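Chemist: One structure follows; several queries about it will come next.
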Amino acid sequence: MAKVVVTGKIPAGGLARLKAEHDVLAWESDEAISRTELLQMVSGADAIVSLLTEKIDGELLTASGPQLKSVSNVAVGYNNIDVPACEERGVLVTNTPGVLTEATADIAMALILMSTRRLGEGERVIRAQDPWQWGMFYMLGMGLQGRQLGIVGMGQIGIATARRAKAFGMNIAYTRRSPLEVDVAKDLDAKFMSMDELIESSDVLSLHCPYSPATHHLISENQLARMKPTAYLINTARGPIVDEQALVDALKAGQIAGVGLDVFEHEPKVNPGLLELDNAVLIPHLGSATVETRAAMADIAATNALAILAGKTAPNLVTS
Ligand code: GLV
């Protein structure tokens, strides 16, 4: 039996599969584990099943010990893990692609609708019991039909978001390292553009790229200044892809029309400037937050960890 450390609460199915085969030490509180407790808990672990809120770095790998074989993130994004530090020590890293694609694309589409149709703002009026009445010019938003959705990072989630937006009558444009395969692009009638062209021509710009040093502040002062003043920015990827202070400044200066954010640069902190703005829709990292999706994520993470402990190839390796 190997020692498997699970760094936060995960759905029962995945946890039970780990417990059926190994000695599992799981953090069971609803509150996130502190760094000190985490460093103690991982000592002697053969496998770690981690949440995106835990930083898996050299210090933690050392605290765990040389027997550590794997880190299985219960997330598709793995920017919380220092992958080169894992590779140096021969620790395999896995993630959970695929199962959260639809749930996250739903949230991206919801944010597109919420921001362009001012739904957060409208709900606040009702909840505050502010006086209101139907009016010809009251709280007008932007219709999506015939507008361009620009997708930055056309992977699985970007494609799933584009499919939804197409059903709403939007035209799809995208940027990515290389153009999509012809049949996918044809199906979506999606236009490949440079990042600059995409930023300048989109009515809604939606971010779906992974976070890495290369995408840190990919959207900053310069990019925001080049967006249309009528355009909206949507981020369901990772907070630090956007320079949050530059975003607040651009919104205050009317450089863009609005923003929909599921993720924040210094999560769970939110830039106070955003809180004052009615044209900022802000939700607390809910991309994969459905019962079914979270169960599937835990199950995949368990599959990955169990495969590695059994000396087999894990299905979702991000290390080579
Ligand atoms: C969620 O943000 C994930 O990366 O799975």
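The values are calculated or read from the model by the stated rules, or taken from the named source; none is laboratory data. The shown structure was predicted, so the numbers you read here are calculated from the model rather than taken from an experiment. Virtual Cβ from ideal backbone geometry, glycine too; neighbours counted across all protein chains shown. To get the accessible areas, we keep the full protein, side chains included, count just its heavy atoms, and leave off ligands, DNA and RNA. Shrake-Rupley method; radii C 1.70, N 1.55, O 1.52, S 1.80 Å.
Chemist: Taking amide H atoms as placed 1.01 Å from N in the peptide plane, list the residues 5 or more away in sequence, or in a different chain, whose amide H sits under 5 Å from that of GLN148.
Modeler: Those qualifying (amide H under 5 Å, at least 5 residues apart or on another chain) are ASN171, ASP203, VAL204.
Chemist: Just read off the accessible area of ILE81 with the full protein assembly in place, 1.4 Å probe, to the nearest 10 Å².
Modeler: For ILE81, the solvent-accessible surface is approximately 10 Å².
Chemist: Highest mean first, what order results for 248-261, 207-220 on Cβ atoms within 10 Å?
Modeler: Values: 248-261: 19.3, 207-220: 17.5.
Ranking the peptides 248-261, 207-220 by packing returns 248-261, 207-220.
Chemist: Once you list every other residue whose beta carbon is under 14 Å from the beta carbon of LEU180, what net charge do they have if Lys and Arg are +1 and Asp and Glu are -1? Provide the component values of the computation, followed by the final result.
Modeler: Values: positive: ARG163, LYS166, ARG176, ARG177, LYS186, LYS191; negative: GLU181, ASP183, ASP187, ASP189.
Its environment carries a net charge of +2.
Chemist: While we're here: What is the extension gain from GLU59 to PHE192, computed as 0.36 nm multiplied by their sequence separation minus the C-alpha to C-alpha distance, in nm to one decimal? Walk me through the intermediate numbers first.
Modeler: On the way: separation 133, 0.36 × 133 = 47.88 nm, distance 4.17 nm.
Here the answer is 43.7 nm.
Chemist: Still on this structure: Hey, what do the phi angles of the stretch 135-150 turn into as Karplus ³J(HN,Hα) couplings, whole Hz, using 6.51/-1.76/1.60 and θ = phi - 60°, x for Gly and Pro?
Modeler: x, 4, 10, 7, 6, 6, x, 10, x, 8, 4, x, 7, 9, 8, x
Chemist: Would you mind counting up the charge near GLU31? Only other residues with Cβ under 11 Å from its Cβ, with Lys and Arg at +1 and Asp and Glu at -1.
Modeler: Numbers: positive: LYS9; negative: GLU28, ASP30, GLU37.
Here the charged neighbours net out to -2.
Chemist: Could you give me the percent of Cα pairs per 5 Å distance bin for the stretch 1-136, shortest bin first, beginning at zero and ending with the bin that holds the maximum distance?
Modeler: 2, 9, 16, 17, 14, 9, 7, 7, 6, 6, 4, 2, 1, 0
Chemist: Here is a further query. If you project the alpha carbons of the stretch 101-282 onto their three principal axes, what span does each projection cover, largest first, in Å?
Modeler: For the stretch 101-282, the Cα extents along the three principal axes come out at 52, 34, 29 Å.
Chemist: Tell me the carbon and sulfur percent of the accessible area for the chain, rounded to whole percent, probe radius 1.4 Å. Walk me through the intermediate numbers first.
Modeler: Values: 8420 of 15320 Å².
Roughly 55 percent of what the probe reaches on the chain is carbon or sulfur.
Chemist: For each pair in LYS166/LYS252; LYS55/LYS269; LYS228/LYS252, compute the distance between the two Cα atoms and list the pairs where it is over 19 Å.
Modeler: LYS166/LYS252
Chemist: Taking the alpha-carbon distance from LYS191 and a cut-off under 18 Å, which aspartates and glutamates remain once sequence neighbours fewer than 8 residues away in the same chain are dropped?
Modeler: Of all the aspartates and glutamates, those that pass the test against LYS191 - Cα under 18 Å, at least 8 places apart if same chain - are GLU181, ASP183, GLU200, ASP203.
Chemist: For LYS69, list the lysines whose Cα falls under 16 Å from its own Cα; do not include residues on the same chain fewer than 8 positions away.
Modeler: Candidates past the 8-residue exclusion: LYS3, LYS312.
Chemist: Alpha carbon centre of the stretch 17-78 versus the stretch 242-320: separation in Å?
Modeler: Centre-to-centre distance over Cα atoms comes out at 20 Å.
Chemist: Helix by helix, which DSSP H runs in the chain go 18 Å or more along their axis at the Cα atoms and have an average Kyte-Doolittle hydropathy of -0.5 or more? Please report the intermediate quantities before stating the final value.
Modeler: Numbers: long enough: 101-116 (22 Å, 1.11); 291-309 (27 Å, 0.99).
Going by DSSP H runs, the hits are 101-116, 291-309.
Chemist: Moving on to the next point. Could I get the Rg over Rh figure for the chain? Both from C-alpha atoms, Rh via Kirkwood, rounded to two places. Working shown, then result.
Modeler: Numbers: Rg = 21.2 Å, Rh = 20.9 Å.
With Rh from the inverse mean 1/r over Cα pairs, Rg/Rh is 1.01.
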